[in-house]
Amino acid sequence: MDSDAAAADADAATDAAAALDRLQISDDANTDDAVQSPVASSTLECKPDASTPIILCDAFYGFPTQKRPRNERVRAVSRQLTNFLQWRSEASEKNSNNIHSHVHVLGKGKDIESVKTRIDELGTQTKASTEQIIFDPDIEIRQFLDKQNGTSSTQESQEEVVYLSPDASYTLPTTCRPPRIVIVGMLIDHRITEDRSRRRAEESLNIRAAKLPLDELRVKELSSCEPLNVDTVMELMQRWWWNCDRVEERLQQLNGSGETKCDDTTEKYSKLYKKCFIEAAAFAMKSQRDRHPNRTVHKTE
């Protein structure tokens, strides 16, 4: 499968759903063709962190205090997390070598407990399980990050953490591995509230906000400013890390060394890493389209 060619062909599509069809993605496709690409000896340096990636689910804001709206939010968040867990369980059955990211849900104790209970209820009908999530009630985002990194003041730790937001001015690069820790706001609304997640990240938490480079797909009506569903974002990130794992493992085998470095000026490596993102994003968008066929995208020009 040639993802770049498929994405370019999709550019002429009349809407996002048709464009995704043009990507010609099958359920059993993977990035083996990218991983097997012949490469010269490596000099890549893109901060590949050997530690397990982490998805932080920020549930500290967005939960109403009124009973009925709050219950609706609990059900919506729980469903999105369940969708992700079910997808990942099924993906792991096909490839048991995949390293799972750690998923942490942070928020107020009462909200976290309600979400956990609801996921357990949904788990009786799916392959999702709260054993696959770490619930951290009443632990603040900054407190968590300080514990992970020892200190949050170093340049290295700051670069390894981003808060995903479609309204961010900064876009994650596709030429190397994504940051090790990504924060996803548990905002699930029928109406889009622009700039909410960016303000949460940069003004409330002082954490760099970044948007996903969805423009790389070159799909009409789908831009990097698209507010994706929570389950889609989580699946995209997990797939992106998995794809990079495969590429870097292959590079290590070809180089005959225990360390893979990457240089953004090396065109072949940049293309491999770019394909890691493109395939991850295309598959995740396919999942979103399958779950929501009448609303694949939320924002249209």
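Here residue 249 clears all of (1) in contact with a Leu (Cβ under 7 Å, 6 or more places away or on another chain); (2) surrounded by fewer than 22 Cβ atoms within 10 Å (Cβ to Cβ); (3) at pLDDT 80 or above except the condition numbered (1).
The set of residues from the range 110-152 being touching a Leu at 6+ places or on another chain (Cβ under 9 Å), of a type in the set (Gly, Ala, Ser) and surrounded by fewer than 20 Cβ atoms within 10 Å (Cβ to Cβ) comprises 123, 129, 152.
Conditions tested, residue by residue: (1) open to solvent by less than 10 Å² (accessible area, probe 1.4 Å); (2) modelled with pLDDT under 85; (3) over 27 Å from residue 197 (Cβ atoms).
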{"site": "32", "(1), (2), (3)": "no, yes, yes"}
{"site": "38", "(1), (2), (3)": "no, yes, yes"}
{"site": "58", "(1), (2), (3)": "yes, no, no"}
{"site": "62", "(1), (2), (3)": "no, yes, no"}
{"site": "96", "(1), (2), (3)": "no, yes, yes"}
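Across the range 98-109, what is the total count of residues that are open to solvent by 30 Å² or more (accessible area, probe 1.4 Å), within 28 Å of residue 205 (Cα to Cα) and under 22 Å from the mean Cα position of the chain (by Cα)? Adding up the residues that qualify gives 2.
Out of all the residues in the range 194-213, which are part of a helix (DSSP H, G or I) and surrounded by 23 or more Cβ atoms within 10 Å (Cβ to Cβ)? First the steps, then the outcome.
Filtering the range 194-213 for residues part of a helix (DSSP H, G or I) gives 196-204.
Result: 197, 201.
Only residues in the range 72-89 that are without any contact (Cβ under 8 Å) to a residue 24 or more places away in the chain count as the first member; pair them with residues that are part of a helix (DSSP H, G or I) and crowded, with 23+ Cβ neighbours inside 10 Å, Cβ under 8 angstrom, at least 6 apart or cross-chain, and list the lot. Sorted first by the residue in the range 72-89, then by its partner, the list stays empty.
Can you confirm whether the range 143-164 contains a residue that is of a type in the set (Ser, Thr, Tyr) and at pLDDT 95 or above? First the steps, then the outcome.
Step one: of the range 143-164, the residues of a type in the set (Ser, Thr, Tyr) are 151-154, 157, 163.
Filter once more, keeping what is at pLDDT 95 or above: 163.
There is at least one residue in the range 143-164 that is of a type in the set (Ser, Thr, Tyr) and at pLDDT 95 or above.
Name, by its number, the condition in (1) touching a Ser or Thr at 6+ places or on another chain (Cβ under 7 Å); (2) more than 30 Å from residue 268 (Cβ to Cβ); (3) hydrophobic (A, V, I, L, M, F, W, C) that does not hold for residue 76. Single failed check for residue 76: (1). Going through (1) within 14 Å of residue 84 (Cβ to Cβ); (2) open to solvent by less than 20 Å² (accessible area, probe 1.4 Å); (3) not in a helix (DSSP H, G or I) one by one, residue 228 falls short only on (2).
Of everything in the range 224-260 that's hydroxyl-bearing (Ser, Thr, Tyr) and in contact with a strand residue (DSSP E or B) (Cβ under 9 Å, 6 or more places away or on another chain), which residue is nearest to residue 270 (Cα to Cα)? Among those residues, the one meeting the criterion is 260.
Can you tell me which residues in the range 196-214 are among the polar types (S, T, N, Q) and over 21 Å from residue 281 (Cα atoms)? Of everything in the range 196-214, those that are among the polar types (S, T, N, Q) and over 21 Å from residue 281 (Cα atoms) turn out to be 204, 206.
The values are calculated or read from the model by the stated rules, or taken from the named source; none is laboratory data. All figures in this text were calculated on a predicted structure; none of them were measured in a lab. For neighbour counting, all protein chains shown are included, and Cβ atoms are generated from backbone atoms with ideal geometry for every residue, glycine included. Accessible surface is based on the protein model in full, side chains and every heavy atom, while ligands, DNA and RNA are left aside. Shrake-Rupley method; radii C 1.70, N 1.55, O 1.52, S 1.80 Å.
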